[in-house]
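Each remark here refers to the structure printed beneath this line.
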Amino acid sequence: GQNIDQPTEMTATEGAIVQINCTYQTSGFNGLFWYQQHAGEAPTFLSYNVLDGLEEKGRFSSFLSRSKGYSYLLLKELQMKDSASYLCASWGGGSYIPTFGRGTSLIVHP
Amino acid sequence: DSGVTQTPKHLITATGQRVTLRCSPRSGDLSVYWYQQSLDQGLQFLIQYYNGEERAKGNILERFSAQQFPDLHSELNLSSLELGDSALYFCASSVRGSPADTQYFGPGTRLTVL
């Protein structure tokens with residue numbers, strides 16, 4: 001089976017840096033995704049990690065440690081528009097079934 | 001705009017009824033996924049199709065069924081609707097449906113069962 005844990009809610013200040021953690025228990029791990037979802041809208045892809053290490057993409061970076069079953073999404077230079085839910089999702093081995101976490105609601109305030 | 005289209009945007013119906021949700025994938029994508037998102041359950045994977053064939057099944061109820069047609073559009077049929085089926089239903093598509101492929105989500109269909 002697969003299980004994903006991430007904090008329910010986080011708050012941060014505009015211009016700051018925030019790190020959203022995600023832990024997973026997945027048999028035969030096949031990759032981990034991060035998605036951003038604004039209220040009432042569709043999730044949009046942010047990053048994909050399948051190997052250990054940090055992937056940087058502009059203001060967003062994602063880190064993976066497969067041995068620890070751990071990932072984080074780092075958001076720099078926060079903007080008000082970054083207020084959204086951030087979904088961590090993993091794929092289990094031997095299947096094409098993605099499992100999503102409940103999402104972390106990030107609130108950016110001035 | 002992800003390139004994935006879903007119709008209708010909103011659907012209001014009564015318990016016991018049957019509805020059909022439609023999804024057209026991005027041009028060139030062969031795989032379609034269906035998800036249900038409710039406030040208490042988060043995003044739940046229902047079913048995946050690849051080039052017309054069912055590839056993976058998640059927590060899809062027996063009252064729900066889906067198919068992918070030769071032109072690659074997909075339909076999700078929900079029958080004997082219950083109040084608890086009220087949710088946002090998303091369709092997503094990807095090129096080959098493998099874990100490494102990015103999924104692009106449609107805008108969703110908001111289903112309200114009264």
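How many of the residues making up the range B:19-40 are assigned to a loop (DSSP other than H, G, I, E, B) and in contact (Cβ under 8 Å) with a residue 24 or more places away in the chain?
Counting residues in the range B:19-40 that are assigned to a loop (DSSP other than H, G, I, E, B) and in contact (Cβ under 8 Å) with a residue 24 or more places away in the chain gives 6.
So in the range A:46-65, with the set limited to residues that are in a loop (DSSP other than H, G, I, E, B) and in contact (Cβ under 8 Å) with a residue 12 or more places away in the chain, which one is surrounded by the most Cβ atoms within 10 Å (Cβ to Cβ)? I'd like the intermediate steps shown before the answer.
Of the range A:46-65, the ones in a loop (DSSP other than H, G, I, E, B) are A:50-52, A:58-59.
Now narrow it down to the ones that are in contact (Cβ under 8 Å) with a residue 12 or more places away in the chain: A:50-52, A:59.
On the way: A:50: 15, A:51: 8, A:52: 11, A:59: 13.
Looking at residues that are in a loop (DSSP other than H, G, I, E, B) and in contact (Cβ under 8 Å) with a residue 12 or more places away in the chain, I get A:50.
Within this structure, residue B:54 passes the test of being surrounded by fewer than 19 Cβ atoms within 10 Å (Cβ to Cβ), within 14 Å of another protein chain (Cβ to nearest Cβ) and either of a type outside the set (Ser, Thr, Tyr) or closer than 15 Å to residue B:6 by Cα (or both). Of all residues in the range A:28-45, those satisfying the criterion of being in contact (Cβ under 8 Å) with a residue 40 or more places away in the chain and surrounded by 14 or more Cβ atoms within 10 Å (Cβ to Cβ) are A:29, A:30, A:31, A:32, A:33, A:34, A:35, A:36, A:37, A:43. Taken over the range B:71-110, the criterion of being among the hydrophobic types (A, V, I, L, M, F, W, C), within 14 Å of another protein chain (Cβ to nearest Cβ) and out of contact with any Cys (no Cβ under 6 Å at 6 or more places or on another chain) is satisfied by B:87, B:88, B:90, B:92, B:95, B:100, B:105. Based on what the data block shows, is residue B:65 out of contact with any Lys or Arg (no Cβ under 9 Å at 6 or more places or on another chain) and more than 8 Å from chain A (Cβ to nearest Cβ)? Considered against the rule, which asks whether it is out of contact with any Lys or Arg (no Cβ under 9 Å at 6 or more places or on another chain) and more than 8 Å from chain A (Cβ to nearest Cβ), residue B:65 comes out as yes.
Taking the criterion of being surrounded by fewer than 21 Cβ atoms within 10 Å (Cβ to Cβ), at pLDDT 95 or above and touching a Phe, Trp or Tyr at 6+ places or on another chain (Cβ under 9 Å), the residues of the range B:83-110 that qualify are B:88, B:107, B:110.
The values are calculated or read from the model by the stated rules, or taken from the named source; none is laboratory data. Note that the structure is predicted; figures quoted are calculated from it, not measured. Ideal geometry is used to build each Cβ from the backbone, glycine not excepted, and the neighbour counts take in all protein chains shown.
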